[in-house]
Amino acid sequence: MNAPAPLPAAEATGQPPSLQRYQERSLLALLLCIGIAGPLVAFGVHLRDGLVALTWVALAFSLTDYLLLVLYATRLRPLVAPLLVYTLIFTSGAAIVAHGTVRSMAALVMIAAVVAAGVFLSRRNMLVSGVLGITILGVLNIAENLQLMQTPETRTGWTVWIVQTTILISLMITVNLGRRRMLDAYRSQNLALEHSREVERLLRQSQDRFQALFRSTPAACLVQSLDTLDVLDANQAFQSLFGYTNEELVGHPPPRVWASDEEQTEFRRLIDTQGRVGGLRGLAQRKDGCAFPAMVHAEVTQSATERLLIAVVFDLSADVASRRELEISRERFSKAFNFSPLGMTITRLSDGRFVEVNPANERVLGWTQSEFEGKTSMEVGVWVSETDRNHYVATLRRDGRLQGYETRMRTKAGAIVPVRVWAEIIEIDNEPCALSFTMNVDEEKRHEAMLLNVAEGVSGDTGEAFFRSLVEHLADAIGADGVVVGEVDPLKQMNTLALVWDGRLLPNSTHSLHRTLCEQALLQPALLRFESPRPAHLNLVPPFSEAPLQSVLGLPLRDGDGSVVGLLIAVWRQRPPPNAQLDALLTIFASRCNAELQRLRRDREIHKLHDTLEHRVAARTAQLQYLNRELDSFAYSVSHDLKSPLRSIDGFSHLLREQMAGRMTAEDIDLFERIEASVHRMNSLITDLLALARVSQGTLQRMNTNLSELAHDVIRQERHRDPTREVEVAIEEGLYADCDPRMAQIVLENLLGNAWKYTRQTTNARISFTRAEQTAPGAPVFCIRDNGAGFDMARAERLFKAFNRLHTASEFEGSGIGLATVRRILERHGGHIRGEGAVGQGARFEFCFGSEATS
């Protein structure tokens with residue numbers, strides 16, 4: 001079924017579709033209401049009055065309503081509303097006539113019809129229906145007043161209620177539709193108002209954005225009214241660019257922008273003819289008259305009230321300067337490219353086609369610029385093979401640049417030469433290209449090969465083999481017919497060390513250098529060069545003096561003190577071609593030869609000294625041992641012989657003291673005590689001297705000795721001699737050393753005895769004997785530490801010397817022999833001792849017995 005057509009009223013008023021649908025539903029409700037009420041009214045009138053005229057009016061009205069319902073479902077729906085209104089009007093008039101009075105309830109139907117016309121019909125139809133109703137009611141009033149109508153029926157019943165109810169329902173439907181139309185109209189107006197406000201807000205935002213863009217854009221902008229020819233606005237960029245203030249611009253004619261009249265005229269012509277200017281370039285003029293390159297865009301626009309000219313000015317000073325710099329850079333590159341001594345090319349990486357080639361390539365590879373033009377490197381034949389070029393391109397693409405890349409290339413003559421290439425990837429017209437610098441290193445490689453040849457000949461040999469290898473390789477490298485190296489003695493006799501002639505090594509021999517070119521070479525500070533215009537017999541040593549020669553080079557070889565010790569000579573039958581490296585090569589290898597000759601002479605001296613050294617060392621050692629034995633024997637004898645007179649003095653002193661008992665004064669007693677003390681000190685000194693002498697005599701009996709037990713014995717002896725002292729002693733267990741137990745006992749007695757003695761005046765005295773930490777493998781090192789009097793490290797060099805004491809006798813007794821004895825014992829074992837301390841903070845001694853005994 002096709003969709004129903006809209007109502008004429010809706011079309012005429014341009015109502016929205018939702019209101020049209022609501023109006024159609026209201027019309028349908030009204031038809032249904034009338035369709036129900038009409039038959040009921042006819043039935044009620046029939047029951048009350050029988051089949052009278054009013055009954056037929058009600059039935060006819062009901063039938064008409066049903067027909068309108070049928071039309072509602074068809075395309076004729078737009079006709080339903082006007083037909084219903086006019087049917088109501090005429091039915092109301094007929095019912096009034098049938099009832100007999102205008103006071104009939106049917107008059108209300110007339111009112112309902114006019115209301116429905118106002119809702120469902122257009123204004124014109126509403127007026128027509130209203131006039132029609134008024135006319136009918138007027139005619140009926142006249143007829144009733146003239147008593148032309150029948151006597152009305154005044155009885156009421158439920159029929160009247162049905163009519164009243166129907167009229168009220170119809171009015172409610174109609175009023176509700178009118179209310180809905182009013183609400184829709186309000187909403188429509190409200191939406192239109194909101195839309196207007198949104199448009200205004202967006203317009204304001206657009207204006208704000210334009211203002212912000214206008215103010216903040218770096219381009220100089222100016223707005224001019226074409227009606228008043230005054231400036232309306234100019235942004236800060238325009239003011240800064242041209243040097244004007246805002247007050248000088250706004251409200252005044254625009255300043256002169258163009259520096260020349262021609263550009264000003266062209267600008268006006270474009271504005272007048274085209275209404276816009278697109279990128280006009282020229283010189284603009286600032287307020288101070290200074291001109292600068294600029295580009296101007298302008299366009300004429302129409303605002304709501306006037307015509308506007310919007311102009312945008314771009315300062316091209318930086319662009320022009322950069323273009324100038326680019327031109328200068330291009331000129332520099334062109335000059336550097338074309339005048340470079342290196343072969344420079346620009347080639348496409350894709351196929352190797354030459355884009356640009358400088359003239360130096362002709363010197364590097366032999367090809368001219370025209371021979372490269374428009375061709376690829378493979379077409380020219382520069383590369384030896386496609387593989388070489390592919391490797392070059394792959395390496396360049398991978399690394400982005402090449403530094404000293406070595407490869408091979410072919411010259412125009414067809415020779416394959418080594419080259420060194422520096423290259424970098426650049427882009428030309430979005431095409432990756434290689435900017436390369438090529439250097440022909442053929443001569444450099446030949447020199448390197450020559451140096452390697454000579455170096456290989458002399459690097460592995462020494463002595464006489466070195467000189468033989470040197471002359472052979474040097475003659476081959478410099479193309480000499482003969483090379484000789486000789487040692488020169490003070491009598492100017494040269495003993496040849498190696499001589500090559502015509503490619504053969506000749507036996508060594510001795511020759512006098514008097515009145516020869518070789519003698520002249522000895523007198524030169526550096527290189528001697530002699531050249532003859534033609535081959536001649538020169539005064540040289542054999543076999544050179546027997547052949548016609550044209551060129552001779554000689555270099556003296558000197559010792560560290562500057563004296564001549566040798567000579568290097570090279571000879572040619574034909575003058576050698578010019579070679580800048582020849583002199584340098586001879587100088588370098590003469591220096592190497594000089595060093596080897598000096599080493600050879602030193603070896604001779606060393607061998608000579610070595611032959612006599614062992615005998616001299618043995619003799620000196622035997623003499624030293626004899627002197628040591630004599631010294632020890634003398635010390636022992638003297639010490640032993642001193643014991644007898646000392647005992648006599650001690651005995652006579654005691655005898656004299658007994659005889660004078662009871663008669664001695666206090667002074668006599670003091671003298672005897674001083675004699676006894678001196679005898680005691682002398683006896684201790686002699687005992688120490690005997691001990692010092694004994695340690696150097698006899699044979700060491702080395703064995704694995706438990707030093708911890710020996711240390712405990714020494715401490716027990718000290719505690720027994722001085723039982724009143726409280727000393728904290730810590731001895732590490734399991735300390736062993738490979739030494740003579742008797743000598744080890746003496747070492748510990750002296751070191752631990754000193755620690756016991758020098759802690760006498762210390763509160764909470766502590767002594768320790770431990771193994772010291774070692775950073776290197778070897779014999780164990782031991783440590784004895786105390787917290788006693790200590791000593792000044794500034795006097796430590798006297799610590800282990802005999803009869804040298806670091807404390808006075810009034811502070812601590814002693815002879816100054818003990819530590820000297822300890823050092824001699826340890827040195828006999830191949831060990832050592834060292835001490836460190838601080839005054840008042842104790843001392844620390846580290847010692848080692850070593851692993852091998854010394855004499």
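The values are calculated or read from the model by the stated rules, or taken from the named source; none is laboratory data. The structure presented is a predicted model; accordingly, all values stated were derived computationally and were not measured. Here the Cβ positions follow ideal geometry from the backbone for every residue, glycine too, while neighbour counts run over all protein chains shown.
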> Just checking, how many residues over the range 60-80 are modelled with pLDDT of 80 or more and of a type in the set (Gly, Ala, Ser)?
Replying inline: 2
> On the given criteria, is Gly414 within 18 Å of Asn440 (Cα to Cα) and either at pLDDT 90 or above or surrounded by 13 or more Cβ atoms within 10 Å (Cβ to Cβ) (or both)?
Replying inline: no
> Between residues in the range 821-839 that are within 17 Å of Gly788 (Cβ to Cβ) and free of Cβ contacts under 8 Å to residues at least 60 places away in the same chain and residues that are assigned to a strand (DSSP E or B) and of a type in the set (Gly, Ala, Ser), which pairs lie under 7 Å by C-beta distance while being six or more apart or on different chains?
Replying inline: Gly835/Ala843; Gly837/Ala843
> Does Ala521 qualify as being in contact with a Lys or Arg (Cβ under 7 Å, 6 or more places away or on another chain) and of a type in the set (Gly, Ala, Ser)?
Replying inline: no
> Mind checking which residues of the range 477-489 are touching a residue at least 24 places away in the same chain (Cβ under 8 Å) and in contact with a strand residue (DSSP E or B) (Cβ under 9 Å, 6 or more places away or on another chain)?
Replying inline: Ile478, Gly479, Ala480, Asp481, Gly482, Val483, Val484, Val485, Gly486, Glu487, Val488
> For the range 745-770, which residues satisfy the criterion of being surrounded by fewer than 22 Cβ atoms within 10 Å (Cβ to Cβ) and touching a strand residue (DSSP E or B) at 6+ places or on another chain (Cβ under 6 Å)?
Replying inline: Ala765, Arg766, Ser768, Thr770
>> Yes or no: the range 363-371 includes at least one residue that is part of a helix (DSSP H, G or I), over 40 Å from the mean Cα position of the chain (by Cα), surrounded by fewer than 17 Cβ atoms within 10 Å (Cβ to Cβ) and of a type in the set (A, V, I, L, M, F, W, C).
In response: no
> Do we find that Ile328 is within 39 Å of the chain's Cα centre (by Cα), assigned to a strand (DSSP E or B) and surrounded by fewer than 19 Cβ atoms within 10 Å (Cβ to Cβ) in this structure?
Replying inline: no
> Among the residues of the range 579-596, is there at least one that is modelled with pLDDT under 80 and within 30 Å of Thr699 (Cα to Cα)?
Replying inline: no
> Taking Ala98, is it closer than 27 Å to Ser26 by Cβ, in contact with a helix residue (DSSP H, G or I) (Cβ under 7 Å, 6 or more places away or on another chain), crowded, with 21+ Cβ neighbours inside 10 Å and not polar (S, T, N, Q)?
Replying inline: no
> Restricting the search to the range 817-844, which residues are touching an Asp or Glu at 6+ places or on another chain (Cβ under 6 Å), small (Gly, Ala, Ser) and not in a strand (DSSP E or B)?
Replying inline: Gly830
> Say we look at the range 699-714 and pick out the residues that are part of a loop (DSSP other than H, G, I, E, B) and surrounded by fewer than 14 Cβ atoms within 10 Å (Cβ to Cβ); which of these is farthest from the chain's Cα centre (by Cα)?
Replying inline: Thr699
>> Being out of contact with any Gly (no Cβ under 9 Å at 6 or more places or on another chain), hydroxyl-bearing (Ser, Thr, Tyr), in the same structural domain as Ile428 (by TED's automatic domain parsing) and within 19 Å of Glu424 (Cα to Cα) narrows it down to one residue among Ser334, Ser370; which is it?
In response: Ser334
>> Is it the case, given these coordinates, that Asp319 is among the charged types (D, E, K, R) and part of a loop (DSSP other than H, G, I, E, B)?
In response: no
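Condition check ((1) farther than 17 Å from Thr587 by Cβ; (2) in contact (Cβ under 8 Å) with a residue 60 or more places away in the chain) across all residues:
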residue: Ala475; (1), (2): no, yes
residue: Leu491; (1), (2): yes, no
residue: Asn508; (1), (2): yes, no
residue: Phe544; (1), (2): yes, yes
>> Here is a check on your reading of the model: is Gln717 modelled with pLDDT of 75 or more and either touching a Cys at 6+ places or on another chain (Cβ under 9 Å) or part of a loop (DSSP other than H, G, I, E, B) (or both)?
In response: no
> Cβ-Cβ below 6 Å, separation at least six or inter-chain, first residue in the range 299-316 and without any contact (Cβ under 8 Å) to a residue 60 or more places away in the chain, second aliphatic (A, V, I, L, M): which pairs?
Replying inline: Glu299/Ile310; Thr301/Leu308; Leu316/Ala294; Leu316/Met295
> Across the range 271-305, which residue is surrounded by the most Cβ atoms within 10 Å (Cβ to Cβ) among those that are among the aliphatic types (A, V, I, L, M) and not in a strand (DSSP E or B)?
Replying inline: Ile271
>> Looking only at residues that are touching a strand residue (DSSP E or B) at 6+ places or on another chain (Cβ under 7 Å) and of a type in the set (A, V, I, L, M, F, W, C) in the range 704-729, which one is nearest to Asn754 (Cα to Cα)?
In response: Ile715
>> Being touching a strand residue (DSSP E or B) at 6+ places or on another chain (Cβ under 8 Å), surrounded by fewer than 18 Cβ atoms within 10 Å (Cβ to Cβ) and not in a strand (DSSP E or B) is the filter here; which residues of the range 735-744 pass it?
In response: Pro741
> Quick check: anything in the range 92-103 modelled with pLDDT of 80 or more and not in a helix (DSSP H, G or I)?
Replying inline: no
> Of the residues that make up the range 449-467, is at least one in contact with a strand residue (DSSP E or B) (Cβ under 8 Å, 6 or more places away or on another chain), at pLDDT 80 or above and farther than 30 Å from Ser385 by Cβ?
Replying inline: yes
> Does the range 344-355 contain any residue that is surrounded by 13 or more Cβ atoms within 10 Å (Cβ to Cβ) and under 18 Å from Val441 (Cβ atoms)?
Replying inline: yes
> What single numbered condition from (1) farther than 17 Å from Val357 by Cα; (2) charged (D, E, K, R); (3) in contact with a Gly (Cβ under 9 Å, 6 or more places away or on another chain) fails to hold for Glu444?
Replying inline: (3)
> Scanning for something of a type outside the set (Lys, Arg), in a strand (DSSP E or B) and either at pLDDT 80 or above or within 22 Å of Val296 (Cβ to Cβ) (or both), does the range 198-214 turn up at least one residue?
Replying inline: no
